[in-house]
1. Which residues, counting only those in segment A:399-429, are of a type in the set (Ser, Thr, Tyr) and in contact with a Gly (Cβ under 6 Å, 6 or more places away or on another chain)?
2. Please determine, by comparing only the residues of segment A:248-261 that are closer than 18 Å to residue A:466 by Cα and crowded, with 21+ Cβ neighbours inside 10 Å, which one is farthest from the other protein chains (Cβ to nearest Cβ).
3. What about residue B:83, is it crowded, with 20+ Cβ neighbours inside 10 Å and over 28 Å from residue B:454 (Cα atoms)?
4. Would you pick out the residues in segment B:333-356 that are within 18 Å of residue B:433 (Cβ to Cβ) and in contact with a Phe, Trp or Tyr (Cβ under 9 Å, 6 or more places away or on another chain)?
5. Residue under question is residue B:239, and the condition is that it be buried (at least 19 other Cβ atoms within 10 Å of the Cβ) and not aromatic (Phe, Trp, Tyr); does it hold?
6. For residue B:233, state whether it is more than 8 Å from every other protein chain (Cβ to nearest Cβ), acidic (Asp, Glu), touching a strand residue (DSSP E or B) at 6+ places or on another chain (Cβ under 7 Å) and closer than 30 Å to residue B:470 by Cα.
7. Would you be able to tell me the number of residues in segment A:353-390 that are surrounded by fewer than 24 Cβ atoms within 10 Å (Cβ to Cβ) and within 21 Å of residue B:177 (Cβ to Cβ)?
Number of protein chains: 2
Amino acid sequence: MRTVTEISKSIQNSFCIAVARLRRYTRATMAANAHFRYEELANFIAGLIENGTLLAGSRVPSLREISLQRRVSLSTALQAYRQLEDRGVLEARPQSGYYVAPAAVTSLEAPAKSRPPAKAATIALAGVVARLLEHGADPKLVPLGCAVPSAKLLAAGRLDRFLARAARRKGTTYNTYTVPRGEVRLRREIARRALRWGQALAPDDIVITCGCTEALTIALNVVAQPGDTIAVESPTYFGLLHTMEILGLKAFELPTDATHGIDLDALGDACRNRSIKACLLSSGFSNPLGYTMADERKLAVLRLLGRYDVPLIEDDIYGDIHFDRTRPRPFMALDPNADVLYCSSFSKTVAPGYRIGWLASTRHMQRILEKKSAFSLCSPALPQVALADFLSSGGYDHHLRRLRREFNENIQYMTRAIEKHFPPGTRVSRPAGGFVLWLELASPVDTRELFDAALEKGICFAPGDVFSASKRYRNCLRLSCGHAWGPAIENALRVLGTLARKMSTT
Amino acid sequence: MRTVTEISKSIQNSFCIAVARLRRYTRATMAANAHFRYEELANFIAGLIENGTLLAGSRVPSLREISLQRRVSLSTALQAYRQLEDRGVLEARPQSGYYVAPAAVTSLEAPAKSRPPAKAATIALAGVVARLLEHGADPKLVPLGCAVPSAKLLAAGRLDRFLARAARRKGTTYNTYTVPRGEVRLRREIARRALRWGQALAPDDIVITCGCTEALTIALNVVAQPGDTIAVESPTYFGLLHTMEILGLKAFELPTDATHGIDLDALGDACRNRSIKACLLSSGFSNPLGYTMADERKLAVLRLLGRYDVPLIEDDIYGDIHFDRTRPRPFMALDPNADVLYCSSFSKTVAPGYRIGWLASTRHMQRILEKKSAFSLCSPALPQVALADFLSSGGYDHHLRRLRREFNENIQYMTRAIEKHFPPGTRVSRPAGGFVLWLELASPVDTRELFDAALEKGICFAPGDVFSASKRYRNCLRLSCGHAWGPAIENALRVLGTLARKMSTT
């Protein structure tokens, strides 16, 4: 029998608040009532969660499976699972089974709310972005730099077979330019999926693009001229800042919180001062901070922008990679009358190599088509045909379920490793989707120096300063969790953490 | 025995000066010396050319084939072919056989040299270009509008099989972003081919783009800012004008001759006045005029531009479709030190559906890569892999030989039909490559009205005014010869000609 002091110590030492809570309950209960078989089983499952075998958000064995494995009756298994559910350790999902409840997997604090300067900044990142892309594509480095999912995790063999079939059977038919909007069957599949989360789109409201990058390029061209200023979250995706730089646009960085998103007051000020031409925000699982704004906050953003006739460009590239049961609703789905240009792609979920994204808008289609046809005429036909076949086959949903689980596991393993190896005071984001982590180091570690030191050790990550037009976040960094957890990644985090510890004490 | 008057009448009536010359020689000779078997055979071949069975530039049966077919000895066949060669009717090509000599296939005059206004013009074509693209993609219309080769003529089944194979075998490997330059194997194949016509390129001097359109977009972005002026040939490809319009660029239209190309004095004036930021010219078989500038004139252009530090963007998209034995040399090949941005693609020769073009430059690569990564990050991987495999297999050269023959035939058939059906005084271009014809109507026919009337009859063509920023060429039109000659095309030309005749008399 453990004393209260012991128990309280165990909470302090735990890396996981939920697991600590669980331990307190289950250990105590086990000692007292070990003679109940269902409690033995509940304790066994709780142990698997504690030691990291079962991760938050992962599926636990079905009642039938566990009753066979542990040689208990179905009713005992059910009693055990219900007990764990009552304690908030498991959650039941209709037609799907029992899952480990989402929990704070770390005792590390979330990054502090950002405080960028309240003025537009000219962007000059092209050089550092080019250098990052170059190292990010180097297969000899441990790939924590670019947010590219590992080809192995994507396992898009089924999509490739659809492409092979389309090439063999429809090569001649499709060896021509598509209409600038792109293949109608693919647009129809995209519109059908969008309906699930309340986004009412017709196929003709959609233009297929060369990835989300071309969608953003076109959207920015539609709403702004060179010299104009766009409000963005801060920190924000460096590729977006790079595109804005090349288009001659300035960035107005909004103070952003890793949990709640952008500061509405700051956005309101920018609108009132007429200093921004558009606002560009993440629909969910923001890159790099990982936050998703609550629906009511999204609606407040739309009301604010609508009052000043400022269009919103939203980037929903990570939306399908949600660890919770429900997918975040895009801004566009919350108010169909709002002036929104919606950008997304399949590059993070199934096929970065196919370069298929899309841009949806109910207001600006004519100008979008003008830009698309002027910049690249149309996108390649057969990859669109293959993706349409893949989507209509149902293969994408099956694939997404597996992928979400894997990214979620990667993020949890990596968060634990960061807690273990990085210097005290390190803060880390807690994304409920996507596959990047944002780290804020407490001490005066310069992540640009850390980047150079890490490259020498064969490790690539994204240093913080590329995520800001005003060159902030020199003490921050982003880690991609797009490759399966294993000794190579674990060792890289140990090395990175050790380097950061050294730098923090010098 | 025909009189001199009869013979002279036959010349007047003939649609083809070469054929007329041939007729005079061969008929006269036949009557006098019909007892020589080789002359009978020569006469037979000449008849096939006269009646259009064998077209200028097409291969005639081999000596072995014709000796079997006509039951003559090999030496008789050789004597006949040599006689036709002496008369300039056939030409022998080493290792390839005998071909009908290129000849002026029409007695129609070439279009007059253009006289655009000597000042920069703001472009406002987006609406009419969108309308043309829309009708151009309508499969119900006879496709004389957009310069899109028919999928049947392209017959790219072998390329599609390479794509199917790449998808099956290399799908996982290539399911990632390529470097912004694109797949190195494809760039190596492109560099190897370029060596044949003296263009010394390393694979790293090349960036793969989404067709020639993206190559031109990036090139224009590298050399110019919104508000700048670019010198272009006039008339010029409407897609280029459309891209320039969307990029906020103005056009300085150069007087252009359908045979010799742009007016060098006008270009010199524009350079001296510092009124242009770059010059954009066709490398060969200009769209729509069809001219190719002679090498010495190209060199003069480069010297002129070099003197004023004005970069040249060249568009070589039709270069591989040459009817003569040798391929036109791009500007870049004539002077490797000149400041040239070279754009091309595979869209006109094998795979419009693949959207693979490229941009080559030895001077501006860093800025080109910045633009490419900002606008579309990189191009899809598997189509590049398939095309590299296809090129290295030698399949492209085989395919090009057939394609050149077919486009040449289409152009000749269409030119004859134009001569037959269009109103007197119609002028037509004489391209030695590519697959478009430019028509200039003598009388006050408005080709915008003709366009509307033709659409009602189910025929699409490109009206002249979309080829000019200053809205000239209302009496001109462009016809695509990208679909195989047949009754549908012939009938469409008859209908178009009849409509034009009616309009010219009202």
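1. The one that is of a type in the set (Ser, Thr, Tyr) and in contact with a Gly (Cβ under 6 Å, 6 or more places away or on another chain): A:429.
2. Per the criteria, the residue is A:258.
3. yes
4. Result: B:333, B:342, B:343, B:344, B:345, B:346, B:347, B:348, B:349, B:350, B:352.
5. Yes.
6. Judged against the criteria, residue B:233 is a match.
7. 0
Conditions (1) of a type in the set (S, T, N, Q); (2) surrounded by fewer than 24 Cβ atoms within 10 Å (Cβ to Cβ); (3) out of contact with any helix residue (DSSP H, G or I) (no Cβ under 7 Å at 6 or more places or on another chain), marked per residue:
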{"residue": "A:273", "(1), (2), (3)": "yes, yes, yes"}
{"residue": "A:289", "(1), (2), (3)": "no, no, yes"}
{"residue": "A:292", "(1), (2), (3)": "yes, no, yes"}
{"residue": "A:295", "(1), (2), (3)": "no, yes, no"}
{"residue": "A:302", "(1), (2), (3)": "no, yes, no"}
{"residue": "A:309", "(1), (2), (3)": "no, yes, yes"}
{"residue": "A:315", "(1), (2), (3)": "no, no, no"}
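The values are calculated or read from the model by the stated rules, or taken from the named source; none is laboratory data. Just so it is clear, the model here is predicted, and its values are computed rather than measured. Note that we place each Cβ from the backbone using ideal geometry, even for glycine, and neighbour counts take in every protein chain shown.
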